[in-house]
Ligand SMILES: Cc1ncc(COP(=O)(O)O)c(C=O)c1O
């Protein structure tokens, strides 16, 4: 506990959002595996449907297990409210659906998870939402990408596939000047390493599939409402600032104040698009978060040891990890993530494509999968898998050249990880 009135991060990871079940006394939040909830009476039902009372109607919109997860992540991010959905991609879709109209634009960092680049370039275009890409290391270029159609700016705090740390406060200043919300994907950092709202982010999204869950066993996504952006009176965001006929003319930003954005995501976008998280997955992610601080610190410590080892290895050309002093992102990592630069790193193996695939084939302890943020150490060779459809130049621009190998460092004994890498590189 840092102060009598403010529990510490680990305490919140275990207790925020959870209390003994009022009916049974169950100490762990139960899995409310039900689709619907019985109303007290007809007036109660009408009040719930009109957003005049809080409570449960149907698990597509709210569920008590999911609510505990939402409250916990909001507490960890230092924000008033959060909303859990089916996956990280669903979180992004729900956020943009709440902000954008057809023909609108948003500015996104070029250094993003490849799946997000696809989502923005293809699926979002079908909705008429147009992305303008900008290099996150060139804030002038970011400013230059903003037009009068821009509705949001999107970055990752620590970018997948690793090694890149974003100047969140620099982006927040640009967003504030343009009067648009800054959305930060905090998946790779988790709130243990970085709390983007403290640096000026308006909305935070997570693939909870990764470090929040931590055990590679559930898909989930989270949207965090920072609670500060002034939606009210801004006609560019009609989902928040215009009266809603289906809710008796209510204006969501006015009625719900500093959690208006989370309410609009839930009561309009999640309601109509439908990517609800299953209560079982919410339970597993809630359980995973209980050990978040212990796990993240070990991920970071192991990753730094692996990065240092690889950087000194004769079979390795380069290592990209912001925890290394020689990284161009070292200073930003010290400023934004002083406890560690996360668990994901990339490196270039001497010998190019053939050496890259051979290394993956020879590793024994590392699992060859397209995932990150698991207790198990994971490996992938992007050029032969996730990025294989791209042209050679596009692969290199995306940080997925022929020699690149991505590691997601798990919680095993680090000596065993180094030994496995050494035998595979020999
Ligand atoms: C940084 C980042 N954001 C978003 C996503 C998408 O999340 P999900 O796979 O849960 O849809 C991923 C998945 O790898 C990711 O790494």
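Values in this text are rule-based calculations from the coordinates and carry no lab data. Treat the numbers as computed from the prediction; the structure is a model and nothing was measured. We place every Cβ from the backbone using ideal geometry, glycine too, and count neighbours over all the protein chains shown.
When the chain is treated as a Gaussian network with alpha carbon springs shorter than 10 Å, the biggest mean-square fluctuation among 403, 105, 246 belongs to 246.
Compactness ratio of region 1-127: Cα Rg over 2.2 N^0.38 Å, N = residue count? Mind dumping the intermediate values first?
Working: Rg = 18.7 Å, N = 127, 2.2 N^0.38 = 13.9 Å.
Dividing the Cα radius of gyration by 2.2 N^0.38 Å gives 1.35.
Just to be sure I understand: with springs between alpha-carbon atoms less than 10 Å apart, which residue in 184, 405, 28 has the highest mean-square fluctuation in the Gaussian network model of the chain? Checking each option, the largest mean-square fluctuation is seen for 28. Estimated purely from DSSP H runs of n ≥ 4, each contributing -39500 (n - 2.57), the mean residue ellipticity at 222 nm for the chain is -9500 deg cm²/dmol once divided by its residues.
As a length-normalised measure over Cα pairs under 8 Å and 6 or more apart, the relative contact order of the chain settles at 16 percent.
Sort 313, 368 so that the residue with the fewest other Cβ atoms within 10 Å of its own Cβ comes first and the one with the most comes last.
With the fewest neighbours first, 313, 368 line up as 368, 313.
Ranked from largest, the principal axis spans of the Cα set of the chain equal 72, 54, 42 Å. Seen against the Cα atoms of the chain and their longest principal axis, helix 64-77 is set at about 60 degrees. The order of 386, 346, 62, going from fewest to most other C-beta atoms within 10 Å of their C-beta, is 386, 62, 346. Here the residues 299, 97, ranked from fewest to most Cβ neighbours within 10 Å of their Cβ, fall in the order 97, 299.
Counting only Cα atoms, the size of region 222-338 along its three principal axes is 68, 35, 23 Å, in decreasing order. Averaging 1/r over each pair of different alpha-carbon atoms in region 372-426 and inverting the result gives 12.4 Å, the Kirkwood hydrodynamic radius. Among DSSP beta bridges whose residues both lie in the chain, state the antiparallel percentage, nearest 5. Roughly 60 percent of the DSSP beta bridges within the chain come out antiparallel.
Summary of the geometry: region 132-159 and region 395-426, compared by the centres of their Cα atoms, lie 30 Å apart. Averaging the Cα positions of each part gives two centres, and for region 1-72 and region 304-365 these lie 41 Å apart.
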